[in-house]
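Notes to accompany the following structure.
The values are calculated or read from the model by the stated rules, or taken from the named source; none is laboratory data. Worth saying up front: this structure is predicted, and the values here are computed from it rather than measured. Cβ placement follows ideal geometry from the backbone for every residue including glycine, while neighbour counts extend to all protein chains displayed. What goes into the accessible areas is simple: the full protein's heavy atoms, side chains included, and nothing from ligands, DNA or RNA. Shrake-Rupley method; radii C 1.70, N 1.55, O 1.52, S 1.80 Å.
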Amino acid sequence: MSAASHALAAAAIVVPHTDADGLSSGAIALRARGEDAKAALLIGRGRTPFDADAPLPPGPPAILDWGVRDLERPVLMIDHHAPDPVGEGHVVVSGYGEEPQVSTSVLMRRVVPEAPAWLAALGAFGDLGTEGLALPECEGAPRTAVRKLAPLVNAPRRLPDGPVREALAILCESESPRAALADPRAALLEEARREWPSGLDAAMRTAPELLGEVALIRFASPYQVHPLVATAWQRRLHPRIVLAANAGYLPGRVNFSVRGGDGDLRTWLADALPGDGGSEFARGHDRATGGSLSAERFADLVTALRAAAA
């Protein structure tokens with residue numbers, strides 16, 4: 001962890017993912033560096049810090065909860081998803097394969113041991129649920145307040161232009177999860193939390209198309225609800241693989257999430273679409289993956305699934 005601690009201090013910028021785990025990790029990093037939320041680079045939907053045209057400043061970035069991938073510059077990456085091979089000059093802290101599972105925020109507290117336990121717990125609960133709160137890095141965190149705060153911090157990213165930076169600012173400036181909940185800016189997060197469920201309700205009313213072992217659910221929503229739709233239908237349609245596809249998230253693209261079935265879903269998805277699915281395809285976790293494809297390429301995926309089911 002010493003190398004990661006030095007790399008964090010030397011990083012040109014902190015680049016956190018925008019869910020509760022990523023923002024908690026970002027808050028730990030920024031607080032350790034004596035920076036506020038304005039200093040972070042928040043990447044918008046449809047983009048990643050690994051894109052060739054990513055708006056990274058010169059110097060080594062600290063990329064948190066975005067995955068582990070090769071980058072043509074020195075970089076610190078802290079993450080718990082399945083990693084790619086990386087080259088020299090990369091400082092990597094990966095929790096992939098640990099049992100019990102860990103979140104990126106938990107890994108961040110290992111790098112910054114003086115960080116508040118509640119920030120580690122917030123990210124752990126956001127990604128792992130109640131099991132995450134049992135991790136030793138989360139010991140002592142007020143569980144009830146963390147449970148209330150996590151959905152508020154998660155809500156802004158589900159909107160096309162939600163108050164993500166405000167959520168990060170609250171985490172950087174609050175001394176406890178209770179203080180974060182009492183922050184006047186938490187009202188903005190509550191508004192975001194009230195807005196996106198209408199999109200989830202509409203998407204959940206879409207009937208699945210059954211393609212052999214696969215249940216395909218297609219809808220168009222500006223909200224990031226496809227992971228939630230896939231997870232909800234997974235429970236209903238077990239043991240089928242559920243593919244929830246959202247054609248309204250980004251113009252000209254289909255963003256989708258895959259849950260259910262058995263085995264490594266990343267391998268299944270890569271096998272289902274021969275050829276290069278792009279950089280945002282079949283990544284994430286063994287049991288939770290997805291991607292973003294052009295409308296044409298997604299049509300190729302559907303054709304392949306129908307052919308396999310025939």
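Structure notes:
- Calculated FRET efficiency for the pair His6/Asp70, C-beta based, R₀ 22 Å, to 0.05: 0.55
- Cα-based Rg and Dmax for the stretch 59-189, where Dmax is the largest Cα-Cα distance (Å): 15.3, 45
- Summarising the strand pairing of the stretch 124-273, around 60 percent of its internal DSSP beta bridges are antiparallel.
- Kirkwood Rh in Å, taken over all unlike Cα pairs in the chain: 19.8
- Heavy-atom accessible surface of Arg178, to the nearest 10 Å², is about 150 Å², with a 1.4 Å probe and all protein chains retained.
- Histogram of C-alpha separations across the stretch 169-221, 5 Å bin width, %: 4, 17, 15, 12, 11, 10, 9, 10, 8, 4, 0
- Taking packing as the residue-averaged number of other Cβ atoms within 10 angstrom, the listed peptides 297-308, 223-234 run from highest to lowest as 223-234, 297-308.
- Exposed GluC sites (Glu not before Pro) absent: longest stretch of the chain, with sites in DSSP loops and at most 13 other Cβ within 10 Å deemed exposed: 176-310
- For the chain, the longest principal axis of the Cα atoms and the long axis of helix 164-173 meet at an angle of about 30 degrees.
- Space enclosed by the convex hull of the alpha-carbon atoms of the stretch 1-140, per residue, Å³: 102
- Alpha carbon centroid spacing (whole Å) that separates the stretch 256-310 from the stretch 48-70: 24
- For the chain, the longest principal axis of the C-alpha atoms and the axis of helix 295-309 are separated by about 60°.
- Between Asp271 and Arg236, the contour length at 0.36 nm per residue exceeds the alpha carbon distance by 10.1 nm.
- P(r) of the stretch 207-310 over all Cα-Cα pairs, binned every 10 Å from zero, in whole percent: 17, 55, 28, 0
- Separation of the Leu210 and Asp262 label points, Cα + 7 Å toward Cβ, nm: 1.9
- Whole-number D in µm² s⁻¹ for the stretch 120-205, Kirkwood Cα-pair radius fed into Stokes-Einstein, 37 °C, 0.692 mPa s: 245
- Take the convex hull of the alpha carbons in the stretch 143-267; its mean projected area over all directions comes to 9.2 nm².
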